[in-house]
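Enquirer: Dropping the structure in here first, questions after.
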Amino acid sequence: MEMTTIGFIATFCFMCALVMSLVAGKILNLSDKLKTTRPFVSRFLHFAGEPEIVFGMWAAIFLAALMIMNGFQAGLFWMDERNFSEVAFVFVIMILASSKPVTDFAEMIINAISRLLPFAPGIRIYATILFIGPLLGSLITEPAAMTIAALLLKRSVFKPLVGKISDRLFYSTLAALFVNISIGGTLTHFAAPPVLMVARVWDWDTQYMFMNFGWKAVIAALINTAVAVWINKKDLKGIKKVSGVAHAPSKRAPAWIIGVHLVFITLCVLSVHHPSFVIGLFIFFLGFYAITKEEQSAVRIEESMLVGFFLGGLVILTAKQGWWLKPILSSIENLQLYLGTLLLAPVTDNAAITSLASQVATLSENSKYLIVAAAVVGGGMTIIANAPNPAGFALLRAYCPGKSLKPLKLLLSALIPTTIAGIIFWFF
């Protein structure tokens, strides 16, 4: 596959997006400093400092370059050849899964399991959130699972310990949550963005995912949770009373509304590769939401739109990367490929890695497995390594010592759960 001018431009835009996502924090800090003196510039920098927006923005720049070089109609035809079914699916499923009836249902499951464990209140709710919460991500998507798990940790663990939260407790918990969420969405083929980007191309279904990834994820998440509990057991024993339910039973959505929402999610999952049906289903959902709005919370459009915008940008930017990626991926395999992808994961979103890999048609089945396994294993080491991570930290920021994330402490804390998951996915 030879390099073309448009392929070079696509690679340049992709690299620019990657670099901007790495310095997103500095861009946002600069935006805050200019808020009063340069409001227009501040708003633009705030826009450009969102990692999800960056990839979509550079995809728009690439598309503009394509249309200038080849003509407007040629650019439209090129866009028609891209497959955005996963983008539409993620946008809709995130909104469905983060609705109040579904989150009420997930919270009831977590709290019911927690009450069965023969441990102190703080330990049992902590362990259940870190283990069951991420695994639910395989059904309700990783972003929705991150939202639920972070909210429960906030209410049941950090709030009771406010004023006594050490760096060790916060960062070991955040690291275990991030890693478990990243691997916990691999029990199915539709919940984790890095899997979603390759499932259709490589013909991976839920059965394949569970047999090759899912059961390993369960083992790794269980061990990671046990280690996190052991590290923080003294702090957790200080929690005497647990309040892990977001809503009192009288304020929860009625059972029949929960059931209808679960039907919407099921139909959406079954039609993942049929965007017209997914969008039509979403319109019906909005109608049902309007009718039952007294039992609903606000629709989470913004978060879903940002993730969809990010994935759409990946679809566009990675479509022309085969000219340089194919020789690299074709020349390494086995442990080198696994470790190389694992080292790349902390500095870029893992969906970007697998989306790039999907452009190489000659990859062996073993190489495909190793790339996806390493991508999801490395999804918890930094805030940008996995799409749901920023949302999780945003919900827990108030309890972070110093109120701002220390990337090095997160990276060091994540080495233990990442190593555990990496060993399991490699040797098993």
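Enquirer: In the range 222-237, is there at least one residue being crowded, with 17+ Cβ neighbours inside 10 Å, in contact with a Ser or Thr (Cβ under 7 Å, 6 or more places away or on another chain) and of a type in the set (A, V, I, L, M)?
Expert: yes
Enquirer: Report, by residue number, each residue of the range 141-175 that is within 13 Å of the chain's Cα centre (by Cα) and either outside any helix (DSSP H, G or I) or of a type in the set (D, E, K, R) (or both).
Expert: 141, 142
Enquirer: Got at least one residue in the range 94-101 being in contact with a His (Cβ under 6 Å, 6 or more places away or on another chain), in the same structural domain as residue 307 (by TED's automatic domain parsing), more than 21 Å from residue 218 (Cα to Cα) and part of a helix (DSSP H, G or I)?
Expert: yes
Enquirer: Evaluate the range 350-359: report whether one residue or more is of a type in the set (Val, Ile, Thr), without any contact (Cβ under 8 Å) to a residue 40 or more places away in the chain and touching a helix residue (DSSP H, G or I) at 6+ places or on another chain (Cβ under 8 Å).
Expert: no
Enquirer: Please list, ordered by first then second residue, the pairs with beta carbon atoms under 7 Å, 6 or more apart or interchain, first in the range 316-341 and touching a residue at least 24 places away in the same chain (Cβ under 8 Å), second crowded, with 20+ Cβ neighbours inside 10 Å and not in a helix (DSSP H, G or I).
Expert: 329/363
Enquirer: Restricting attention to the range 354-405, and to residues there that are of a type in the set (Lys, Arg) and in a helix (DSSP H, G or I), which single residue is farthest from residue 178 (Cα to Cα)?
Expert: 368
Enquirer: Out of the range 352-382, which residues are modelled with pLDDT under 85 and surrounded by fewer than 20 Cβ atoms within 10 Å (Cβ to Cβ)?
Expert: 359, 360, 361, 362
Enquirer: Let me ask something else. Please give the number of the condition residue 130 fails out of (1) within 19 Å of the chain's Cα centre (by Cα); (2) within 30 Å of residue 282 (Cα to Cα).
Expert: All conditions are met except number (2).
Enquirer: Residues to consider are 15, 69, 3; find the one that is in a helix (DSSP H, G or I) and touching a residue at least 24 places away in the same chain (Cβ under 8 Å).
Expert: 69
Enquirer: Right, another one. Could you check how many residues of the range 294-312 are buried (at least 16 other Cβ atoms within 10 Å of the Cβ), among the charged types (D, E, K, R) and in a helix (DSSP H, G or I)?
Expert: Total satisfying the criteria: 2.
Enquirer: Restricting attention to the range 202-217, report how many residues are in contact (Cβ under 8 Å) with a residue 40 or more places away in the chain and of a type outside the set (Gly, Ala, Ser).
Expert: 4
Enquirer: For the range 108-123, give me each residue that is more than 21 Å from the chain's Cα centre (by Cα), touching a residue at least 40 places away in the same chain (Cβ under 8 Å) and part of a helix (DSSP H, G or I).
Expert: Of everything in the range 108-123, those that are more than 21 Å from the chain's Cα centre (by Cα), touching a residue at least 40 places away in the same chain (Cβ under 8 Å) and part of a helix (DSSP H, G or I) turn out to be 108, 111, 114, 121, 122, 123.
The values are calculated or read from the model by the stated rules, or taken from the named source; none is laboratory data. It should be emphasised that the depicted structure is a prediction, and the values quoted were computed from it without experimental measurement. Here Cβ is always computed from backbone atoms with ideal geometry, including for glycine, and neighbour counts include all displayed protein chains.
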